[in-house]
Amino acid sequence: MGVSLTWLLNFFTEITDSIPEDLAIVKPAKSKLTLQLDEIWSLAGLKNNKKWIWLAIDVASGQIVGFHVGGRK
């Protein structure tokens, strides 16, 4: 792609800062919401600058219902 992982993480963080905290996800009627939580990390520039991307995915639809970019704690 020609871009560094550091650039990509910074770009992703800038874009996601404009997304509201409440994504207004509506659970389908008469069904149980089951989530799969996934995480990925990368070093952004320095070895002590580990960044995490967390995703909450609705198992039935595959829709991302939540995310977080930042630390692990």
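In the range 8-17, is there at least one residue being aliphatic (A, V, I, L, M) and either at pLDDT 85 or above or surrounded by 13 or more Cβ atoms within 10 Å (Cβ to Cβ) (or both)? Yes, some residue in the range 8-17 is aliphatic (A, V, I, L, M) and either at pLDDT 85 or above or surrounded by 13 or more Cβ atoms within 10 Å (Cβ to Cβ) (or both). Summed over the range 33-42, residues that are under 21 Å from V3 (Cβ atoms) and touching a Leu at 6+ places or on another chain (Cβ under 8 Å) total 1.
Looking only at residues in the range 33-58 that are part of a loop (DSSP other than H, G, I, E, B) and modelled with pLDDT of 80 or more, which one is nearest to K73 (Cα to Cα)? Only one residue fits best here, namely T34.
The values are calculated or read from the model by the stated rules, or taken from the named source; none is laboratory data. Note that this is a predicted model, so its numbers are computed, not measured. Reconstructed Cβ throughout: ideal geometry from the backbone, glycine too, with neighbour counts over all protein chains shown.
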